[in-house]
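**Q** Structure below; questions to follow.
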Amino acid sequence: MDLINILPDSVANQIAAGEVVDRPASAVKELLENAMDAGATQIDLIVKDAGRTLIQVVDNGCGMSDSDARLCFERHATSKIHKTDDLFAIRTMGFRGEALASIAAIAQVELRTRLHDSELGTSILIEGSHIVSQEPTACPTGTSMAVKNLFFNVPARRNFLKKDSVEFSHIEEVFRRITLIHYDIAFTLNSNGRLLYDLKAGSLLQRISQLYGNPYKERFFAVEEETDIVKIKGFVGKPEYSRKTRGEQYLFVNGRFIKHPALSAAVEKAYADLLPDHSYPSYFIGLQVDPARIDVNIHPTKTEVKFVDDHALFAILRSAVKKALGQFTLATELSFDTPPEFNIPPAPKGYTPPAPRISYNPDYNPFRATPSQTHLHLEKDLKDFKDLKDPKDLNDQKEIVVPNSLDSLNSLNSPKMSCLQLQNRYIVTSLSSGLAIIDQQRAHERILFDKLTQSSNNAKTHSQTLLFPVNCQFSPADADLFNELLPDLRSYGFAVETLSQCTFVVTATPADLKEEDLQTCFDQMLADYKGATMQKFSNRSQSLCASLARQMAIRPGKVLSQEEMQQLVADLFACPMADTAPSGKKIITIVKPEEILK
Ligand code: ADP
Ligand code: MG
């Protein structure tokens, strides 16, 4: 008895669909890729109920003829390759000719498409692989593909879907992976009737900030490299913006998002020990290689690829990223996260450092009423030894006056302690325990954080009315979030009113806030709130205060007057946790008297 029979197309397609379309997000990916392959410059994605009831992609690409419109739902129907050789030089996103056949097997699909030189278009309705209707129709040029009721005939699959918020976040991720690298195409994303993203064509950096918010513009270094085997173009995150999760790591090859552990390792290796433990750099890196030298046909969803020049690529990528980071590392030789000693770079070859000369007062008696003073000479030697960015810093103030009566930190308030600003980012002053080097930004962050958290705990907060109210505008998604955070912001002393769905007006700010750019401040706060920075804090109010404090704090590079430094140091020591910033980073490094003597 013969047992074997050939499966009907509809069943074969359903089986294939299991590989290609496992959730709404994968259908979104296939439809967006088709629109790009059609040469579209504007692509609109519309979803309802996280893609469960509707996924629609509208493009202004080449469109399809009447018969192509029918054929495109057949299995192995593709216009992108013709012969085996074509498989080894893929220049399009698709080529397997199975996506639409798979989707049409498990959903109700409505296609409307028109070629640029045709007067009329075609409209097709297909359900579970069966064409229900096809008729000429008046429609714009290009293609609209509407996928309704995904998995309507595969209840098992439908039941496996997660709740809408989860499925939608998968869709958003697919949208990011595609739109990030195709920054020359305009995209929109509309979910349940709300426009969430409206991305204009532009540069990669513009696209990054359209997707993640304005503050992202400042968080990256450009990476660029061109060799015979690869062209690299992208952005790598500054180490201080590293994250606790690997979330924002995007590698693209020839316009395709890929997962490639070895290449990702190359990028991370370039950072070496610039990153704190258990944190990961963010990056968006596009590689352009000869399509003949990669194989993208090793996995149905094409997120895995094989390179012919594996090892060379690895080395080139690592050194390109290193080069981009190089400029940064030079600027931060003095790191506060590598206690206990300073990180003084090795002396140049052949350089014999002169013996340190320190004069001190042998008659020093800490209990004497009027303190005598010790002069510590910071000679030019030090400057030669460690070439400071701005030699003026040392020349202007050659010596630090170190009074002797340093019995406690409180003594700071009595005779005002002399402070020295180093590299326009550190305040050097003297304490009973030694020479203190204070990171000005982190110190200020701590002070502001304490003030903000205190004001949110007290009923009455100090706020100042703005002379000119400031309007702030957000994307619809960010506006939702901002609305959610309004009660917290008000408790810190902000006065904010809603003008429209996405526009807010700020009429007062906390009394200490000297932030001129409120929009950036809030954008950053929202970005932090969405990001991994949240995890360190016990509650959301704390994390918000930390984020705001970070925005409002003085930056490295800001020149401070003697009075400002003294005020900052005094305010800092009034904080119960003066030695660590809200982020957990170290604020003060002490050089002990024994170490100075050495
Ligand atoms: P593939 O993309 O691998 O070729 P698909 O099943 O995704 O396979 O699509 C089949 C064919 O349908 C494509 O090769 C293309 O010719 C046509 N097609 C699909 N979507 C569009 C679109 N948005 N605009 C124009 N043609 C399209
Ligand atoms: Mg396709």
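The values are calculated or read from the model by the stated rules, or taken from the named source; none is laboratory data. Source: prediction; values computed, not measured. Heads up, the Cβs are rebuilt from the backbone with ideal geometry, glycines too, and the neighbour counts pull from every protein chain shown.
**Q** Within the stretch 82-101, which residues are in a loop (DSSP other than H, G, I, E, B), within 15 Å of ligand 2 (Cβ to nearest atom) and out of contact with any helix residue (DSSP H, G or I) (no Cβ under 6 Å at 6 or more places or on another chain)? Step through it out loud before you land on a result.
**A** Of all residues in the stretch 82-101, those in a loop (DSSP other than H, G, I, E, B) come to 82-83, 89-98.
Next, only the ones that are within 15 Å of ligand 2 (Cβ to nearest atom) stay: 90-98.
Result: 95, 96, 97.
**Q** Okay, moving on. All but one of (1) within 9 Å of ligand 1 (Cβ to nearest atom); (2) within 41 Å of the chain's Cα centre (by Cα) hold for residue 71, so report the exception by its number.
**A** Of everything listed in (1) within 9 Å of ligand 1 (Cβ to nearest atom); (2) within 41 Å of the chain's Cα centre (by Cα), residue 71 misses just condition (2).
**Q** Could you look through the stretch 93-126, keep only residues that are surrounded by 19 or more Cβ atoms within 10 Å (Cβ to Cβ) and hydroxyl-bearing (Ser, Thr, Tyr), and pick out the one that is farthest from ligand 1 (Cβ to nearest atom)?
**A** In this case the residue turns out to be 123.
**Q** Of the residues in the stretch 47-66, how many are out of contact with any helix residue (DSSP H, G or I) (no Cβ under 7 Å at 6 or more places or on another chain) and either free of Cβ contacts under 8 Å to residues at least 40 places away in the same chain or among the acidic types (Asp, Glu) (or both)?
**A** Qualifying residue count, the stretch 47-66: 1.
Listed here are the residues, each with its yes/no results for (1) within 30 Å of residue 523 (Cα to Cα); (2) at pLDDT 90 or above; (3) not aliphatic (A, V, I, L, M).
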{"position": "418", "(1), (2), (3)": "no, no, yes"}
{"position": "452", "(1), (2), (3)": "yes, no, no"}
{"position": "475", "(1), (2), (3)": "yes, no, yes"}
{"position": "493", "(1), (2), (3)": "yes, no, yes"}
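**Q** Further, regarding this structure: For the stretch 540-598, give me each residue that is in contact with a strand residue (DSSP E or B) (Cβ under 6 Å, 6 or more places away or on another chain), among the charged types (D, E, K, R) and part of a helix (DSSP H, G or I).
**A** None; the set is empty.
**Q** Quick check on my filter: what residues within the stretch 19-48 are in a helix (DSSP H, G or I) and either surrounded by fewer than 16 Cβ atoms within 10 Å (Cβ to Cβ) or of a type in the set (Lys, Arg) (or both)?
**A** If the condition is that a residue be in a helix (DSSP H, G or I) and either surrounded by fewer than 16 Cβ atoms within 10 Å (Cβ to Cβ) or of a type in the set (Lys, Arg) (or both), then 19, 29 are the ones that fit.
**Q** Also: Could you tell me whether the stretch 76-83 includes any residue that is farther than 30 Å from residue 136 by Cβ, more than 10 Å from ligand 1 (Cβ to nearest atom), surrounded by fewer than 21 Cβ atoms within 10 Å (Cβ to Cβ) and at pLDDT below 95?
**A** Yes.
**Q** Take the residues of the stretch 49-71 that are assigned to a helix (DSSP H, G or I) and charged (D, E, K, R): which is nearest to ligand 2 (Cβ to nearest atom)? Full working, then the answer.
**A** Step one: of the stretch 49-71, the residues assigned to a helix (DSSP H, G or I) are 49-51, 66-71.
Still in the list and also charged (D, E, K, R): 49, 66, 68, 70.
Details: 49: 24, 66: 20, 68: 13, 70: 16 Å.
The selected residue is 68.
**Q** Being hydroxyl-bearing (Ser, Thr, Tyr), under 14 Å from residue 171 (Cβ atoms) and within 15 Å of ligand 2 (Cβ to nearest atom) narrows it down to one residue among 79, 26; which is it?
**A** One residue alone meets the criteria, 26.
**Q** Residues 213, 247: which one is surrounded by fewer than 17 Cβ atoms within 10 Å (Cβ to Cβ), more than 13 Å from residue 285 (Cα to Cα) and not aromatic (Phe, Trp, Tyr)? Show your work before the answer.
**A** On the way: 213 fails: surrounded by fewer than 17 Cβ atoms within 10 Å (Cβ to Cβ).
Every option except 247 fails the conditions.
**Q** Would the stretch 136-143 turn up any residue that is away from ligand 1 (no atom under 11 Å from the Cβ), over 17 Å from residue 45 (Cα atoms), in contact with a Leu (Cβ under 9 Å, 6 or more places away or on another chain) and not in a loop (DSSP other than H, G, I, E, B)? Walk me through it before giving the result.
**A** Of all residues in the stretch 136-143, those away from ligand 1 (no atom under 11 Å from the Cβ) come to 136-140.
Going one step further and asking which of them are over 17 Å from residue 45 (Cα atoms), we end up with 136-139.
Then drop every residue that is not in contact with a Leu (Cβ under 9 Å, 6 or more places away or on another chain), which leaves 136-139.
Filter once more, so that each one left must be not in a loop (DSSP other than H, G, I, E, B): 136-137.
So far as the stretch 136-143 goes, yes, one or more of its residues are away from ligand 1 (no atom under 11 Å from the Cβ), over 17 Å from residue 45 (Cα atoms), in contact with a Leu (Cβ under 9 Å, 6 or more places away or on another chain) and not in a loop (DSSP other than H, G, I, E, B).
**Q** Please work out if residue 267 is under 30 Å from residue 300 (Cβ atoms), crowded, with 21+ Cβ neighbours inside 10 Å, more than 10 Å from the chain's Cα centre (by Cα) and in contact (Cβ under 8 Å) with a residue 24 or more places away in the chain.
**A** It is true that residue 267 is under 30 Å from residue 300 (Cβ atoms), crowded, with 21+ Cβ neighbours inside 10 Å, more than 10 Å from the chain's Cα centre (by Cα) and in contact (Cβ under 8 Å) with a residue 24 or more places away in the chain.
**Q** Just give me the residues in the stretch 31-68 being of a type in the set (D, E, K, R) and either over 21 Å from residue 296 (Cβ atoms) or more than 13 Å from ligand 1 (Cβ to nearest atom) (or both), in sequence order. Talk me through it step by step, then tell me what you get.
**A** Taking the stretch 31-68 and keeping what is of a type in the set (D, E, K, R), we get 33, 37, 44, 48-49, 52, 59, 66, 68.
If the condition is that a residue be of a type in the set (D, E, K, R) and either over 21 Å from residue 296 (Cβ atoms) or more than 13 Å from ligand 1 (Cβ to nearest atom) (or both), then 44, 48, 49, 52, 59, 66, 68 are the ones that fit.
**Q** Only one of 288, 327 is at pLDDT 85 or above and surrounded by fewer than 16 Cβ atoms within 10 Å (Cβ to Cβ). Can you tell me which?
**A** Result of the check over 288, 327: 288.
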